Amino acid sequence: MTASRSEIRPRAVALAYGASDSAPRVLAKGRGATAESIIERAHESGVYVHESPELVSLLMHLDLDARIPQSLYLAVAELLAWIYRLEQRAPTESGPAERPDKGA
């Protein structure tokens, strides 16, 4: 069986979450070249990129600037906590830490 074109195109969702936010929100999302641009900008900015096709699939249904639904709070909270722990171990003198980036 051959993979369809939509299965091959990369997908990416960028989330933003500030201390005053009630929940993370969708900052950017896209497929193909747009997804590649989101991932590239994240790398350039030293933002961690995590690969989770299932979570991306669910987040792609949300509108831009939409808060994530309560049903995704636990999954996103666990991811944010994991990233926070990685960043706490990161060296601060030489800029962003080396991260095990896998894509989006």
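The values are calculated or read from the model by the stated rules, or taken from the named source; none is laboratory data. Quantities reported herein were computed from a predicted structural model and do not represent experimental measurements. We place every Cβ from the backbone using ideal geometry, glycine too, and count neighbours over all the protein chains shown.
Of all residues being loosely packed, with under 15 Cβ neighbours inside 10 Å and of a type in the set (D, E) in the stretch 8-49, which is farthest from H61 (Cα to Cα)? Just the residue, please.
Ranking the qualifying residues of the stretch 8-49, first place goes to E44.
When the stretch 7-66 is examined, which residues are found to be more than 18 Å from E78 (Cβ to Cβ), in a helix (DSSP H, G or I) and of a type in the set (S, T, Y)?
Of everything in the stretch 7-66, those that are more than 18 Å from E78 (Cβ to Cβ), in a helix (DSSP H, G or I) and of a type in the set (S, T, Y) turn out to be T34, S37.
State the number of residues belonging to the stretch 66-77 that are without any contact (Cβ under 8 Å) to a residue 40 or more places away in the chain and within 13 Å of the chain's Cα centre (by Cα).
Count: 2.
Here is a yes/no grid of residues against (1) modelled with pLDDT of 95 or more; (2) of a type in the set (A, V, I, L, M, F, W, C):
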site	(1), (2)
E36	yes, no
I39	yes, yes
P91	no, no
D101	no, no
